[in-house]
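Comments concern the structure below.
The values are calculated or read from the model by the stated rules, or taken from the named source; none is laboratory data. Just so we're clear, the structure is a prediction, and the values are computed from it rather than from any experiment. With ideal geometry, Cβ positions are generated from the backbone for all residues, glycine too; neighbour counts draw on all protein chains shown. Protein only, heavy atoms only, side chains kept; ligands, DNA and RNA dropped before computing areas. Shrake-Rupley method; radii C 1.70, N 1.55, O 1.52, S 1.80 Å.
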Amino acid sequence: MTGTIALLLTPVRPCADGNGLARRAWAWAAELSAGHDLHTIIVASDHRAIRGDGRLPGRHGVLWTNRQGIRGQATADWIEPDTDLIAALTALLPKQAPDRVVVFRAYLAGVAATLPAEWADRAEIDFDDDEVRTRLSIARLELRQGRWRQALHSLRAARFFSGLQRELRAGVRTLTLAAEKDAVRWRRLHPSATVVVRPNRITGPIPPTILPPNAPTLLFVGSMGYRPNQDAAVFLAEKIAPLLRQEVPALRVVVAGFGMAPMLTRLRAAGVECLDSPDDLAEIYANASVVVAPVRAGGGTKIKVLEAWLHHRPVVATSHAVRGLMAVPGRHVLVADTAAGFASACRQLLADPDLAAAIASDGHAHLTEHFLLPSPPEVAPIASAAVPPTSNKMIATDAARRRDGPPARPLLLARQALASTQTALRDIAAERDHALADSRMIRGTRAWRLAERVHDVINRNRWMLALLRQVTRKPPAVGPDTRSIRAVLDSGVFDADWYRAENPDIRTEHPVLHYLRVGRLRLRPTSAAERERTGQARSLALGQNLTLAPVRLVIGLAGAPDAAQCQIVVRSALLSAELAGITPEILCPAQWGEAAPDGVCQIPATGTPAAQHNAMLQAAGEGAIYLAVDPRGFFDPDCITALLRMSQAADHRALIEATAFPREHPRAYDPNSFDTAWAGGGCLLIPTAMADTLGGCEAGLETLWPVDLSWRARQAGFAVKTCPTALYHPGSADRDWRWIDAETLRDGHRLAVLWQHHAAAAAMRAEILRCDAAVFVPPSVITNRNPACADFAHGFGFAPSRW
Amino acid sequence: MVDNSELVDVIVRIHDPSRLDELGHAVLSLLGQSHRPLRVLVVAQRFDAPDLAALEVRLDRYRRIDPSVALEVIDYARQDGLADARSALINAGIAVARGRYLAVLDYDDTLYPAAYTTLVQELRASGRAVAFGGIARKSVAIDPTTRAALSFGLRPRHPGQTLVDMFRLGFCPMHSMVLDRSRIAPRDLRVDELLPICEDYEWQLRLGARYAFSFARIDDEIGEYRYKSDGSNTVMLTFNADKTRHAMWNGYADLIEERRQTLVIVPEVQLALGLAEPIAGLTIRGLLDRIDQGGLIQSPPDYLAPPMAPHGPDGFAY
């Protein structure tokens, strides 16, 4: 134990003899464990991320994700953290702050951003490849192959990473890349960051030199799940090997690697021997005369070349395959980019054993000088915190949820509960979306222009393409949506013809699929009858068919804006009430003094909740409906009419908020009944019966009293609704809902105590102490609130969000 | 007495008398602006006498709430055969504007309270002619029975950050900008009336080639653009785009490209874009092509040169 901690976030299990990614992770693990107590967290999307055996240095845990991607779309391996993932990550983190934090691969940057701020600040991000260049390179390859859809996907991924890299350049001090060529570009783009070149290296043991076999054999090693390797294998089998066989009829061509299954038929048809997931590569290398790397796309540096050098084999490669390896063509490797050139280079080595031996020897020396990792250090016993997957969901989440009492990492859980991290990430995601769309570099590339042309062609000929697809397409596989499709079809309320006629954007898609993909989310009706039904339901809920019954209304203005604003809010209230056909009683706090317009009653109270409490009770005593209003804003003329109609439709048994306009709170509501989790306090209608039952609002909550009131109302059997046709402009109280101030933070803590949510309370207390200890006031409240009515699972939204 | 040097004239254009509710919401968002003085010019097309009376009644309500905001109606009664005289309505508003600052808001869009305060401050601080803010894009389902607007999603903001981005793509809705008329020649304060669509982008291209723009506040959200499910947006949504509309949009896209190929960027803007030496006769398309070929501008996040001087004697005198 060294006493210092290092934290490694990696997308794969570090493995000395795994694929390129695993080997690079292994190199990090070896380096970090040499000087620190290493904590490795493997952020795994599927079982392939943790395959491999061998012991890992230090402690390690597995964070299972369902890889939601950005807004539900799996984008370029990016993992979008949510509160569940943050909680799961929290459970795996070391107790002590690490001295080094290494984030392996850019697509884990989102996960890294959820680390405590001081940890995230010192994070070193190892990009390995320049993802933009890599994805563009793959896109070009796919375009060459006519895989337009995949090419567009790769281009989108490139654009995505372009935006991401631009952000990261601004926020990360140390960036690591595998190839010097990539690093040069990055240094030019971002001169203030430390850009480190960390070549891909491999580890021993160094095999003994074995003479090449008598049978001329070409070997290509690569994981066939990676498209550039697929392309290289096909290039070798169908272009290079036939040329070579004309002069070397006895030539054997061997392709070895993981995931060969999809390639078997095609490669075997071209006379290639395929070795799927071989146990021992040493023997395969020993039986090869020449190792080839005809790779034409991808990024970073190619470990397959290093591995060939390690096994004392001469290499023929494309210039792309040796980028970043500082190899001298003709000395360490023979380089050719065309099929004819490649065949010629192979023929040269096969015909000249001395040349082959010299190339192999120099290559091996080059490897040992630059790319050989020292033997791995003695590893500490494994103390795994891995949690096995059950349902493609974060596993540690449940453990975190089940945990009672104060959490082990209050600071981090505080961040989770507050969802401030998530908010920041959402902002980053939005910014990233902007950035990716305006990347000049991408638009300037030939690949992008070509893709645009291809896209045009596809658009122009989409009917023909649709027809072709119908002819050639295999029967659709039974996917995860089958149940949903069946549910829609069986519902009896889906009229496919009507839906198609009403939604011209369907084009060639089946209406049910379109509904599940688009219509459902955009509240589009499924049939004429359903549209009428929902229309009627909404109309009933809004009370649009009702004649307003006479009611007594008290409007309580809590707070003390300037005199001009006092006039505006009272004028707007009187106008809105006049249009509703009623004369309200308006109450304001005594602080208004002479600013209070004529006819407004002043009541003694200090602070918003106290004023609302007093006014509400006064209104209830008079048998009046109470309208709690923030006087910094003003009413839309139709606001009070809409609120009273909805209240009447709900038999005056509902707490109803006017919609904050124009910046709405994102809280979700039922689009037909308009029921919602809680109602905001900008303009809030409180029926008489509720004030009688609940006895006013909680005086200890400055900003979140409406949340508490709403939950209590639901506990007492009242409905809580939002009225989309009643608008209230918040005026100077307008703010971006995503930002939380210290007062709200303190209220959040108090609310959690009131509703007996101990984990959230502990988390918020920790966050308060971290942000501004001065605002922390320990509450001591005896409460009869039912925790089941509260929602602390959505941070300071206190409810699911619409966006 | 209104101080014209601070006054923002806001042109609100409306073509449909049945959309007074939405107009009311736009006006409500203007009443909520923290900037004063403010003058709202509602330019109405295809409103007959009863419609105009109804419009006045509706606006009277808002006048009662805050009399400090001037709400005026301009009846655009000219019959020139255009379905929506979108451009002409703006020009009609410009003709009667008298404040130093000018803004445009469509009847179905909204602004957050700090919008004009933010952009006017930016214009004053930067000395530039036009300032832009960010606009959130909200998806809204309009219930045909109740006419309730149910917001169900936020879309990613319009992509773009800089003038070069604008030259490539019209990413700034009309209500994302405020113009300082003292820095723009009167001849340029006019929207091309031949364009029923894309008129805003064409105007922005013309102004962008000649005057200094500020995108410093583009990350500050100042308002919302609403994508409505009833297909009433004047954009080419996949939802409402039939073949005719596609053809129309493609036609105007060609026209915009023609503008890119013919509008010459003045030397001051070229220098402000970061070019070492102005290139005589450099068009917008020429600039974009050179950037795409690489090396023309190394790092153009925004204008690098100091702001340009106010316009000369032929500029607007307030």
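Things to note:
- Interface area, B with A, accessible, probe 1.4 Å, both sides summed, Å² nearest 100: 4300
- In the context of the full set of protein chains, segment B:52-146 has a per residue accessible area of 32 Å² (1.4 Å probe).
- Based on Cα atoms of segment B:1-122, Rg over Rh with Rh as the Kirkwood radius reads 0.95.
- Segment B:70-182: relative contact order in percent, alpha carbon pairs under 8 Å with at least 6 residues between: 32
- For B:ASP21, solvent-accessible area (1.4 Å; no DNA, RNA or ligand), Å²: 80
- Accessible area per residue for segment A:670-752, computed on protein heavy atoms with a 1.4 Å probe, is 30 Å².
- Filter on A:LYS239/A:LYS304; A:LYS181/A:LYS304; A:LYS95/A:LYS304 - keep pairs with C-alpha separation over 29 Å: A:LYS95/A:LYS304
- Here the extension length gained between A:ARG520 and A:LEU489 equals 9.8 nm, from 0.36 nm per residue of separation less the Cα-Cα distance.
- Over all orientations, segment B:78-234 has a Cα convex hull whose mean projected area works out to 10.1 square nanometres.
- Using a Förster distance of 25 Å, the FRET efficiency for B:ASP289-B:ASP192 (Cβ separation, nearest 0.05): 0.55
- Of the peptides A:719-726, A:634-641, the order by per-residue mean of other Cβ atoms within 10 Å, starting with the highest, comes out as A:634-641, A:719-726.
- The P(r) of segment A:519-667 has a tail past 22 Å containing 46 percent of all C-alpha pairs.
- For segment B:150-181, residues shielded by at least 20 square angstrom of accessible area compared with the chain on its own, probe 1.4 Å: B:LEU150, B:SER151, B:PHE152, B:LEU154, B:ARG155, B:PRO156, B:ARG157, B:PRO159, B:GLN161, B:ASP165, B:ARG168
- In this structure the amide hydrogen of B:GLY153, modeled in the peptide plane, comes within under 5 Å of the amide hydrogens of B:SER139, none closer than 5 places in sequence on its chain.
- Extension gain for A:LEU275-A:ARG653 works out to 128.9 nm (0.36 nm per residue, less the C-alpha to C-alpha distance).
- All Cα pairs of segment B:113-201, percent lying beyond 19 Å: 56
- Relative contact order %, segment B:1-77, counting alpha carbon pairs below 8 Å whose residues are six or more apart: 39
- Quarter of the Cα convex hull surface for segment A:529-598, i.e. its orientation-mean projected area (nm²): 6.3
- Rounded to two decimals, the Cα-based Rg/Rh of segment A:214-337, with Kirkwood Rh, is 0.92.
- Net lengthening on full extension, A:ILE206/A:VAL328 (0.36 nm per residue, minus Cα-Cα): 41.7 nm
- Sulfur and carbon atoms: percent of accessible area, segment A:206-288 [1.4 Å]: 56
- Pair-distance distribution P(r) for segment A:318-364, from all Cα-Cα distances in 10 Å bins starting at 0: 28, 56, 16 percent.
- Taking the average, over residues, of other Cβ atoms within 10 Å as the packing measure, peptides A:624-633, B:187-196, B:264-273, A:134-143 rank A:624-633, A:134-143, B:264-273, B:187-196 from highest down.
- Label separation (A:ARG500 vs A:GLU180): 6.3 nm, computed from points 7 Å beyond Cα along the C-beta direction.
- Carbon and sulfur %, accessible surface of segment A:671-750 computed with the full protein complex present, 1.4 Å: 48
- The candidates A:HIS36, B:HIS175, arranged from most to least accessible area with a 1.4 Å probe in the full protein assembly, appear as A:HIS36, B:HIS175.
- Neighbouring partner chain Cβ atoms per residue of A:654-663, average, 10 Å criterion: 3
- Residues of segment A:1-21 with amide N under 16 Å of a point placed 7 Å along Cα→Cβ from A:GLN96: A:1-8
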